[in-house]
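Bear in mind these aren't lab numbers, they're just calculated from the coordinates by the rules spelled out. Computed from a predicted structure; not experimentally measured. No Cβ is skipped: glycine too gets one built from the backbone with ideal geometry, and neighbour counts run over all protein chains shown.
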Amino acid sequence: MTVRTALGALARNLTRSGLTALGVVIGVAALIAMVSVGQGADAAVRRQLASLGTNVIMVYPGTTTVGGVRSGAGTAATLSVADGIAIGKECPSVAAVTWLKRDVAQVTYGNQNWSTALQGSNASFPLVRDWPLARGRFLTDSEDVSAAKVAVVGQTLVDALFAPGEDPLGATIRVRNVPFRIIGIMVRKGRTSWGSDQDDVVMVPFNTAERRVLGSPILGTVNQMLVSAKSPGAIDDAIEEITLLLRARHRVPEGEEDGFTVRGMTEMFETSLMASGVMTNLLAAIASISLLVGGIGIMNILLVSVAERTREIGIRLAVGAKARHILLQFLVESMVLSLAGGLLGALLGVGAATLIGRLAGWPILVSPAAVALALGFAGVLGIVFGVYPARRAARLDPILALRHE
Amino acid sequence: MIDARGLEKTYALNGETPVAALRGVSFGIAAGELVAIMGASGSGKSTLLNLLGCLDRPTAGAYLLDGVDAGRLDADGRAELRNAKIGFVFQSFNLLPRTSAVENVELPLVYGHLPTAEHRARAEAALRAVGIAELAGRLPPQLSGGQQQRVAIARALVARPRLVLADEPTGNLDTATSADILRLLRTLNASEHLTIVVVTHDPDVARQMDRVLLMRDGRLVADGSPASVLAGSAA
């Protein structure tokens, strides 16, 4: 009964009701959109983290110092294949190890040619990087030992060299003029967070890269090692085991620099995860304030409405309405406004979040918790900001209210 | 029906000298009477009407409506009494502007105990009783003054009260329409055996009633037939 009265009052002032609810619509929409965008940014960082492989630890050789000029990390030939084999055998927290040799190489096929990344690795690479094959198979250890001229290619290279519909499997490409037979194609991995195309690659066995293509002066040196720990919790243990083992193997005296770098992937992303977390909270706080302002808007309009409808309240009191009927009527009006605004805002917010996600290329997560929170907030707002105007209405003296002009 | 015993009402205005609006008024009105309360402005007739309508409580004295001491009821109790036993008709009609005639008439039922399903039929019956059933769907601004007052009278009747209180019901109407409304009140008084109390300052209105109470300076100064009271006041 009171609900119907309240709905009727709102319907008779549709424009004003709509404008009043608009504050809550925008507040709730902003809250949901902002939280979703924040969580989307977070998810984007995590997705990139996951795309690097599971529980990955990177090991770089140290820097070279020539005449006091220090080169960057990875320039010295201090890490060897033997180190990698030892890590795989002697570190209990390590699940798999792969060692890499990288260079730029010109690849030709038919009349096409393309400059791409040449990568020599052992058979564990797909496992460590969590990077499966689309077709065919990866390089084997026996192919590594025999320095076989077989290659696995990335999708970008396939697109660059082969006509659409042409089957690259079994085709022979030339890498720096050395013929290789393609035995596998990796699935598309996408770009790294720093923008380099991971699919623009030709992978060959480590020994093949070293001996047949690059012609390294010292055999068995690696540019980089990727190690996967047995579990996310084992990463720190693995880092320590690797560091101790390498220091022992390299006979690094106590107190001297390692000559190599061991880093977990997670560390690298900690800052961006933290930043996106801070951003989410900040956006949510700002959106909450706009929701609060929306609530104050409702209170404001309800106060105006009470003043404007003083005579109506007087009439209702005269024909037998009790104070609580009037109180309830205005409370219901306030709650209907804020909840309707909340629902509409939730729809808009989800829409806006989806749109932003599509534009930014983020996986937008509209969490049901955020929607529920925003709606609950809107409901509470309706009550809190409805109470004061409703009490004012309910306390009116019927005689004065009836005479009100 | 109405038993007023020594009603007094004093308004204390912000610590200034209290103003006595009613200084001991006693009278009785039987069921089915058609009574005018007359007096100049400031005579206390509006205050008396507020007390009779249970909108206010007397400072002293007792007001019994149908044997119930209305002066002792709290706000909710008075609201229920108004809802069940009293219908109001105002000078300025006091209809809800953006609400159809029939919905205006339903208003007292919203706060009563009648099942919602019966509201519409009761409201339409009340509109028929005042002769404007065909205007049920109109909004008040689409109605003439006389029609609006008829809607207001229908609203006063819809809960089937024992008492209808009319405060200057013809104050905003032209002479011909006033006559129509007074005729309607007389008819309702006769046909429904309804007690009607009209507050007015207009002797022409008072003359249409069966009995006139004359107020002056918060006191009841005359009580009798219109002819005798009006002759006395003129003298």
In whole percent, what relative contact order does region A:77-258 give with Cα contacts below 8 Å and a gap of six or more residues?
-> 32 percent
Any chance you could check the Cα centroid distance between region B:1-80 and region A:340-387 for me, in angstrom?
-> 55 Å
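R0 = 25 Å: FRET efficiency of residue A:135 with residue A:177, Cβ-based, nearest 0.05?
Numbers: r = 26 Å, r/R0 = 1.04.
Here the calculated transfer efficiency is 0.45.
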Note down the net charge around residue B:63, summing +1 for each Lys or Arg and -1 for each Asp or Glu among other residues with Cβ under 9 Å from its Cβ.
-> 0
Considering chain B as a Gaussian network with a 10 Å cut-off on Cα pairs, which listed residue, B:61, B:24, B:137, attains the greatest mean-square fluctuation?
-> B:137
Please label the shape of region A:260-300 as rounded, prolate or oblate, based on the square roots a ≥ b ≥ c of the eigenvalues of the alpha-carbon gyration tensor (a/c under 1.5 means rounded; beyond that, a/b larger than b/c means prolate, else oblate).
-> prolate
Which residue, B:165, B:34, B:73, has the most motion in a Gaussian network model of chain B that connects Cα atoms within less than 10 Å?
-> B:73
Stick to the Cα atoms of the protein assembly as shown, pair each with every other, and give me the Kirkwood hydrodynamic radius in Å at one decimal.
-> 32.5 Å
Size of charge dipole - chain A - debye, nearest 20, with Cβ of Lys, Arg +1 and Asp, Glu -1, no other charges | 1700 debye
Spin-label pair residue B:219/residue B:31, simplified geometry with 7 Å Cα→Cβ offset, distance in nm = 3.4 nm
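According to the square roots a ≥ b ≥ c of the eigenvalues of the Cα gyration tensor, what is the shape class of region A:77-258, taking rounded for a/c under 1.5, prolate for a/b larger than b/c otherwise, and oblate for the remainder?
Prolate shape, in that a/c is at least 1.5 and a/b is the bigger ratio.
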Treating the beta-carbon of each Lys and Arg as +1 and of each Asp and Glu as -1, no other charges, what is the dipole magnitude of region A:77-258 about its Cα centre, to the nearest 20 debye?
-> 720 debye
Cβ-based exposure ranking for B:57, A:358, in which fewest neighbours within 10 Å come first = A:358, B:57
Distance in Å, no decimals, from the C-alpha centre of region A:267-330 to the one of region B:206-235 is 56 Å
Which listed residue (B:171, B:158, B:189) has the Cα farthest towards the positive end of the charge dipole for region B:114-194, taking +1 on Lys and Arg C-beta and -1 on Asp and Glu C-beta about the Cα centre?
-> B:158
Expressed in angstrom and rounded, the centroid-to-centroid distance over alpha carbons for region A:176-241 and region A:109-166 is 11 Å
Looks like region B:184-235, by Cα gyration tensor root eigenvalues a ≥ b ≥ c and the a/c under 1.5 rounded cutoff (else prolate when a/b is bigger than b/c, oblate otherwise), is prolate
Positive-end residue of B:208, B:93, B:221, charge dipole of chain B with Cβ unit charges = B:208
Positive dipole terminus of chain B, leading residue within B:107, B:58, B:127 (C-beta point charges) | B:127
Loop sites in region A:149-207: chymotrypsin sites (Phe, Trp or Tyr not before Pro), DSSP, at most 12 other Cβ within 10 Å | A:194
Order of A:203, A:274, A:58, A:279 under a 10 Å beta carbon neighbour criterion, fewest first | A:274, A:279, A:58, A:203
Fewest to most Cβ atoms within 10 Å: A:218, A:383, A:32 sort as A:218, A:383, A:32
For chain A, modelled as a Gaussian network with Cα springs under 10 Å, which listed residue fluctuates most, A:183, A:173, A:315?
-> A:315
